[in-house]
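Below is one structure, written out as structure tokens; the observations come after it.
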Amino acid sequence: MTPEGKKRQAEQARANQTPGAGSYNGPEDVELYTRCIVRAALPRIPTGYDNNYEIVQTPGYVAILQEQMHETRIIPLDGRAHLDAGVRQWLGDSRGHWEGNTLVVETTNFSDQATFEGATKNMHLVERWTRVADNRIDYRFTVEDPATWTRPWTAAIAWNQSGPLYEYACHEDNYGLYGILAGARAQEQAAAGQGK
């Protein structure tokens, strides 16, 4: 990693370890995961649970549904260009094509709000899915971001077939958000009372 990349990664890790450290003036100040918007930045790295996906292919698109948060990436396969560089999205802008039996997806246009391991919004991601058995897919990704890593690097993860996906209810009616905002106001009132 570059020195700047190490610094961003450490800052990101500290922010993830100290929930409640934000000002929380409104829902926009709360982390994307807590707001039930995105599970994590791309690429897909396994976490403690809910590492389940459903891949659906149509003539012009591939859709990849992530069980947690119900994130669905809809990836065009028709050779269209990426969105203008000024358009930034939480999961970037993905475009795919087939190389034999391997689905290759290139993603650009990431947002500053969902970053992978300290990467910048200019990260370039190439993912490859190859079915290697009836019940297994070889998932490989290569990330490139000269501001974060001194050279591109690649990782591989086996995706094994599992059972059906189940509904994931993320903070039904988001009661957690009410508590976060109310707690921030209570902390402010307590701090104001101590300052007198």
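Read-outs throughout are calculated quantities, based only on the coordinates presented, and are distinct from any laboratory measurement. It should be emphasised that the depicted structure is a prediction, and the values quoted were computed from it without experimental measurement. Heads up, the Cβs are rebuilt from the backbone with ideal geometry, glycines too, and the neighbour counts pull from every protein chain shown.
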Cα axis of helix 3-17 to longest principal axis of the chain: angle in degrees, 0 to 90, nearest 10?
60
Overall form of the stretch 94-165 per C-alpha gyration tensor (a/c, 1.5; a/b vs b/c)
prolate
Mind pulling the angle between the C-alpha long axis of helix 175-194 and the longest principal axis of the chain? Nearest 10 degrees, somewhere in 0 to 90.
30
Listed residues A63, A40, A85, most fluctuating in the chain (Gaussian network, C-alpha, under 10 Å)
A85
Three-way shape label, the stretch 36-170, alpha-carbon gyration tensor, a/c 1.5
rounded
Gaussian network model of the chain, Cα within-10 Å springs - most flexible of G176, G92, G163
G163
Counting Lys and Arg as +1 and Asp and Glu as -1 over every other residue whose Cβ sits under 15 Å from the Cβ of A184, the net charge comes to -2
